[in-house]
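Data first, discussion second: the structure below is written as structure tokens.
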Amino acid sequence: MKQKQGILLLLLLLTSGRSFGQQDTRALKAWQEQKYSMFIHFGIYSVLGGVWEGKPVTKGLSEQIQAHAGIYSDTYAETAKQFDPEKWNADSVVMLAKRAGMRSIVITSKHHDGFCMFKTNTTDFNVVDATPYKRDILKELSEACKKGGLRFALYFSLIDWHYPQASPISSSNSDYITPEHFQYNKQQVTELLTNYGPVSELWFDMGSQSASESKELRELVHQLQPGCMIGSRIGNDMGDFTVMGDNQEPDYVIGVPWQSPASFFDETWSYRSWQERGSEEEKMKEKLTSLIRVVSRGGNFLLNIGPKGDGSIVPFEKDVLLQIGDWLKKNGEAIYGVRPDPFHISFKWGSLTSRKDHLYLHLLSAPENNTVFLPGLTGKIEGIKVLSTGEKVRFSQSAKGVEVVVPPGLDIEKMFKVIDITFSNGFQVPPANILPLPGEGTAVLASANGFKHFSNSGIDYDTRYQSTVKESWTLQPTQNGTYQPRIYFSAQEKGKTIDVEVAGQVSAVTFDEGTVVPLHPTSEISWGQLYQIGPYYSGVGSFHGDVRNIDINKPWPNSNDQRWKKSAYQNNQVYELSVEKQRAVYLLQEIESDKDQAYLVKITSGDAVTIALNGTMILEHNNPFKVKQLQDQVLLQLKKGKNQLLVKYYNGYQKSTVLGIDTTVKQEIFYKDLKPVSMDAGKYYPFSWQLHEPLSPHTTLGLSNVSIELKKK
């Protein structure tokens with residue numbers, strides 16, 4: 001097939017102007033400082049309790065029992081006539097959340113089944129008109145939260161299995177939102193943000209909207225309530241904060257506000273009558289551990305309960321929440337409003353949180369030799385104590401760091417303890433990603449050696465991938481002097497503007513005309529055979545197997561044991577391949593180079609692409625505007641000898657995908673000189689870059705071709 005004209009540099013559209021809108025920074029800060037909130041999954045599915053026709057439905061989540069048990073819509077709707085939660089008491093629920101130490105409540109206003117837990121003019125399939133209860137659950141909870149001093153928030157499903165003009169139930173729940181359904185959702189969101197007082201967050205879920213629909217819905221929410229924070233499952237990167245996967249606790253740095261939603265049991269979020277609940281003590285430790293880990297990494301923890309059909313709270317869940325609340329009464333200072341762990345290393349004994357003059361050591365297990373060593377920690381220590389009791393703790397401080405001696409008799413195995421280190425005027429720890437800057441040498445800062453700050457980007461739940469929103473370095477010069485930073489880029493980046501931090505000073509740099517640098521590739525680059533695997537079922541982003549030193553004679557992991565085969569495709573052509581939705585095709589090319597050198601190629605792709613060279617990720621992005629094809633110029637840093645280029649082509653929505661590897665790109669890059677900077681030997685100097693006024697805080701950088709070279713003048 002002849003090569004098709006693509007849309008070159010589409011990613012420039014993502015960063016050409018700020019259309020994300022202004023956030024209410026005070027509301028966002030207040031939301032971030034909550035740290036711990038209650039999630040409630042409550043609806044007519046609660047009446048069924050995970051049982052249909054007298055048998056437990058073991059497949060899937062119980063709040064989605066309609067889909068997993070194959071219940072007809074009209075039959076399922078009859079369940080509303082059984083929904084009479086006479087034991088539901090909004091004031092008692094608020095009191096429980098407060099005693100548990102939670103700062104807000106997020107309740108399901110409407111789940112996937114389309115049943116509304118509020119009085120609405122859009123449908124009679126709601127708690128007032130369709131049930132014997134005939135009371136507005138949301139109205140009562142909103143008023144109880146206001147009276148009890150908790151923030152009130154709402155979950156809202158973008159898919160609706162009851163609305164006739166909506167897409168039917170699918171296996172993924174990332175159902176297409178029809179135009180009629182979109183207007184219906186807007187009407188209900190307008191009611192929710194008009195009739196129930198202040199709403200601190202709107203937690204959207206599932207569905208697949210267009211970029212313009214997500215943007216329009218976001219603008220509607222902020223028009224009605226500017227202080228209402230929006231979760232990322234609104235789609236198309238339009239959320240104020242990113243929501244992790246269910247029960248996911250990231251072990252990496254997230255560069256945007258984020259939240260981790262958690263259920264008591266992985267199997268369900270709503271009430272399940274036959275659920276095996278186990279030990280309250282073990283569950284309390286499990287969920288408290290999650291709370292501490294999430295907060296220590298800078299996130300908010302949203303812990304769910306599932307009331308019974310009669311409205312009562314499951315005693316097991318209530319008791320666990322109260323036990324966590326008792327722990328927070330003594331240790332809440334180390335949770336609420338804190339900063340994340342300042343160290344960039346992990347500790348086997350537990351986690352840390354911090355404030356300007358405090359470090360909190362969350363001991364989740366007994367440390368080795370009953371001592372905790374904090375390397376590189378400096379600052380004048382006023383004292384160290386056990387936070388819950390005030391017991392003084394012995395310590396020693398040296399140029400290497402601080403050693404804390406855990407008091408004898410501190411029974412950490414029975415219950416986690418927090419040690420509070422108080423400083424008189426702040427503290428310092430070694431920064432992340434320290435690179436030496438030789439006095440007579442050169443330092444090169446590039447994506448490959450940058451410290452990554454992540455978010456999640458995606459059109460919907462099934463097309464999410466881990467986006468990189470910032471990269472940073474810390475330079476430590478070996479000599480005093482003035483250094484010249486020079487930034488290199490390719491034609492791929494032209495038109496982009498990024499915010500570049502050089503030794504702590506930030507300025508906007510636009511990639512426009514620069515000085516041309518020919519790459520001068522040698523003729524001794526040999527483009528080998530293309531090998532292929534797929535298409536097969538695969539999520540967007542991230543390779544499914546180890547991409548280092550791939551053996552073409554062995555099956556590829558997690559691909560149903562498919563083996564690499566010689567591909568009929570050739571370089572310098574673009575092909576269109578018929579492929580089912582949510583399928584990926586892998587192309588592997590071996591490249592021989594007679595020396596270490598850089599070479600530009602052009603990759604043509606469809607809904608999403610992920611690229612790696614010699615086991616290192618180079619580029620990853622999706623197709624936010626769902627155009628026919630994307631084209632990326634990619635700078636390959638080839639090593640002498642054999643190289644492996646791996647490209648994953650993902651098809652999310654189309655009936656076909658496009659793919660191609662073009663080696664005929666003009667071999668030139670560009671550079672611009674930045675302002676010289678003076679630096680002293682031995683000190684730390686921060687460097688970073690991020691997009692200037694991106695479409696969204698979650699938009700991936702796409703700066704794999706960019707580098708900064710520093711030389712002493």
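The values are calculated or read from the model by the stated rules, or taken from the named source; none is laboratory data. As the structure is a prediction and not an experimental result, all values here were calculated from the model. All Cβ positions, even for glycine, are placed from backbone atoms using ideal geometry, and neighbour counts span all protein chains on display.
Side notes on the structure shown:
Residues are listed down the side, and each one gets a yes or a no for (1) exposed (fewer than 12 other Cβ atoms within 10 Å of the Cβ); (2) free of Cβ contacts under 8 Å to residues at least 12 places away in the same chain; (3) more than 20 Å from residue 656 (Cβ to Cβ); (4) in contact with a strand residue (DSSP E or B) (Cβ under 6 Å, 6 or more places away or on another chain):
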| residue | (1), (2), (3), (4) |
| --- | --- |
| 545 | no, no, yes, no |
| 548 | yes, no, yes, no |
| 554 | yes, yes, yes, no |
| 557 | yes, no, yes, no |
| 567 | no, no, no, yes |
| 580 | no, no, no, no |
| 584 | no, no, no, yes |
| 590 | no, no, yes, yes |
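- Yes/no for residue 455 being under 18 Å from residue 240 (Cα atoms), among the small types (Gly, Ala, Ser) and in contact with a Pro (Cβ under 9 Å, 6 or more places away or on another chain): yes
- Any strands (runs of 3 or more DSSP E) falling wholly within region 555-658 and containing at least 3 residues that are of a type in the set (S, T, N, Q): 597-605, 630-638, 641-651
- Take the conditions (1) in contact with a Gly (Cβ under 7 Å, 6 or more places away or on another chain); (2) crowded, with 17+ Cβ neighbours inside 10 Å; residue 331 misses just one of them, which is (1).
- So residue 384, is it in contact with a His (Cβ under 9 Å, 6 or more places away or on another chain) and either part of a strand (DSSP E or B) or without any contact (Cβ under 8 Å) to a residue 24 or more places away in the chain (or both): no
- Matching option when the condition is assigned to a strand (DSSP E or B), over 25 Å from the mean Cα position of the chain (by Cα) and either of a type in the set (A, V, I, L, M) or modelled with pLDDT of 95 or more (or both), among 526, 507: 507
- Hey, residue 281 assigned to a loop (DSSP other than H, G, I, E, B), closer than 24 Å to residue 415 by Cβ and acidic (Asp, Glu) or not: no
- Cβ-Cβ under 7 Å pairs, at least 6 apart or on other chains, region 227-239 side farther than 23 Å from residue 607 by Cβ and surrounded by 24 or more Cβ atoms within 10 Å (Cβ to Cβ), far side small (Gly, Ala, Ser) and at pLDDT below 95: 229/27
- Exclusive hit being exposed (fewer than 15 other Cβ atoms within 10 Å of the Cβ) and touching a residue at least 12 places away in the same chain (Cβ under 8 Å), set 201, 219: 219
- Hits in region 167-198 (condition: surrounded by 15 or more Cβ atoms within 10 Å (Cβ to Cβ) and in contact (Cβ under 8 Å) with a residue 40 or more places away in the chain): 169, 173, 174, 184, 188, 191, 192, 196, 198
- Of the residues making up region 356-372, those that are surrounded by 15 or more Cβ atoms within 10 Å (Cβ to Cβ) and more than 22 Å from residue 335 (Cα to Cα) number 0.
- Looking across 56, 85, 132, one residue alone is of a type outside the set (Asp, Glu) and closer than 30 Å to residue 171 by Cβ. It is 56.
- Among (1) farther than 27 Å from residue 646 by Cα; (2) touching a strand residue (DSSP E or B) at 6+ places or on another chain (Cβ under 8 Å); (3) exposed (fewer than 14 other Cβ atoms within 10 Å of the Cβ) - the single one residue 479 does not satisfy: (3)
- For region 161-199, the tally of residues that are in a loop (DSSP other than H, G, I, E, B) and more than 20 Å from the chain's Cα centre (by Cα) stands at 18.
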